[in-house]
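Computed from the coordinates by the stated procedures, all read-outs in this text should not be read as laboratory data. As the structure is a prediction and not an experimental result, all values here were calculated from the model. Neighbour counts are summed over all protein chains in view; Cβ atoms, including those assigned to glycine, are modelled from backbone coordinates with ideal geometry.
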Amino acid sequence: DEEEMTYQSVIDQVSVEYRNEVIRGAESVLKKDLVFDMEYTIKKRNDGLTRWVKSTGKHYKTEAEPYGHFSGTILDITEEKEDNIRKDDFIGMVSHELKTPLTSLKGFIQLLQLRTKTIDDLLTKNILDKADKQITKMTRMINGFLNVSRLESGKIHIEKELFDISVLISEIEDDTILNADGHTVIFNPVETAWVNADKDKIGQVINNFISNAIKYSPMGTVVRISCVSDQQGSVISVSDEGMGIEPSDIPHLFERYYRVEKHNTKSIAGFGIGLYLCAEIMKRHNGKIWVESEIKKGSTFHFSLPAVQPPF
Ligand code: ADP
């Protein structure tokens with residue numbers, strides 16, 4: 001505590017892989033008056049152990065000090081980081097292991113579905129359809145987990161292509177109408193609009209919005225999907241008449257593992273990774289993602305993609 005440190009000795013403690021970023025961050029705080037807010041690892045001088053820290057601060061200028069001063073805090077977040085890393089490793093491993101048996105299970109169900117086509121047994125057919133739907137749901141969940149662990153290790157791939165967003169939305173419409181038991185799902189008419197994006201991943205974002213809208217609103221209410229495009233780009237929105245979200249929760253919704261802790265959401269299954277993945281996908285597309293919500297009235301989730309010239 002008593003020892004004076006030079007700027008250089010502070011910088012030298014920062015792990016090599018983060019050092020340049022920290023230097024750049026510190027410089028822009030001085031030059032551009034920005035707030036310093038970064039997470040990185042340091043190797044402590046006294047015990048040589050590596051710790052995760054969250055460091056925040058600001059440059060203050062006063063008349064008495066010609067160069068001003070820098071003031072802030074450094075928080076040790078090692079436990080929290082290590083917890084998340086362990087969680088990610090575990091989730092990645094388990095979901096990878098679950099994939100193979102699930103794929104075989106789906107194959108067996110499809111075989112049985114084929115066999116029941118020729119016989120007159122409605123009950124068995126219905127049960128097999130239900131089993132198939134549950135497996136599809138589970139596969140989607142597991143793919144979500146795998147995506148999180150890929151994202152964390154920087155292995156998520158975005159394969160951009162030019163496509164018409166109205167075509168994607170009508171493909172999703174066909175799937176959704178089949179699976180939306182209990183809700184009225186309305187797709188507003190969509191005009192042709194071209195974007196340069198990863199079609200599968202954008203589909204994933206829209207499906208996520210829709211399944212949340214269904215999950216967090218009572219049966220019998222309306223879920224509406226719309227897409228409005230202009231020269232700048234397209235805004236896709238999914239609105240529901242559900243429970244809504246408190247303003248204090250809104251800034252955290254897109255964080256990993258964040259779930260609103262309310263009595264009435266405890267019974268709804270989820271892991272708090274859907275919206276996090278959506279936000280990461282949008283980040284990689286230079287798109288925006290946001291939500292408007294009113295408690296007990298409903299929520300509207302939006303994302304936008306920049307427009308591109310049609311390919312003809
Ligand atoms: P999950 O649904 O698996 O918990 P998400 O990341 O998709 O994870 O959503 C995070 C949280 O945001 C949810 O737990 C829920 O509390 C809230 N949320 C998401 N969509 C809605 C919605 N349409 N209406 C109300 N709350 C929502």
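As I understand it, the dipole of the chain uses +1 on the Cβ of Lys and Arg and -1 on the Cβ of Asp and Glu, about the Cα centre. Which of 305, 165, 60 lies farthest toward its positive end? Result: 165. Taking every alpha-carbon pair under 8 Å whose residues sit at least 6 apart, the chain reaches a relative contact order of 11 percent. Once backbone amide H atoms are built at 1.01 Å from N, residue 77 has 52, 53, 54 as its partners under 5 Å, excluding neighbours fewer than 5 places away on the same chain. Relative contact order of region 198-259: 27 percent, from C-alpha pairs under 8 Å at least 6 residues apart in sequence. Neighbour counts of other Cβ atoms within 10 Å put 32, 125 in the fewest-to-most order 32, 125. Taking Cα centre as origin and charging only the Cβ of basic (Lys, Arg, +1) and acidic (Asp, Glu, -1) residues, the dipole magnitude of the chain rounds to 800 debye. Per residue of the chain, the DSSP helices (runs of n ≥ 4 H) give a summed -39500 (n - 2.57) that works out to -15000 deg cm²/dmol at 222 nm. What is the sum of charges around residue 240, taking Lys and Arg as +1, Asp and Glu as -1, for the other residues whose C-beta is under 13 Å from the C-beta of residue 240? Within the 13 Å Cβ shell, the charges total +1. Arranged from fewest to most other beta-carbon atoms within 10 Å of their beta carbon, 222, 14, 148 become 222, 14, 148. Of the peptides 232-238, 288-294, the ranking by mean beta-carbon count within 10 Å, highest at the top, reads 232-238, 288-294. Spatially, region 188-204 and region 251-312 are offset by 16 Å when compared through their Cα centroids.
Considering only 283, 44, 61, the Gaussian network model of the chain with Cα springs below 10 Å gives its largest mean-square fluctuation to 61.
Here region 81-112 is scanned for amide nitrogen atoms under 20 Å from the site 7 Å beyond the Cα of residue 121 along Cα-to-Cβ, giving 105-112.
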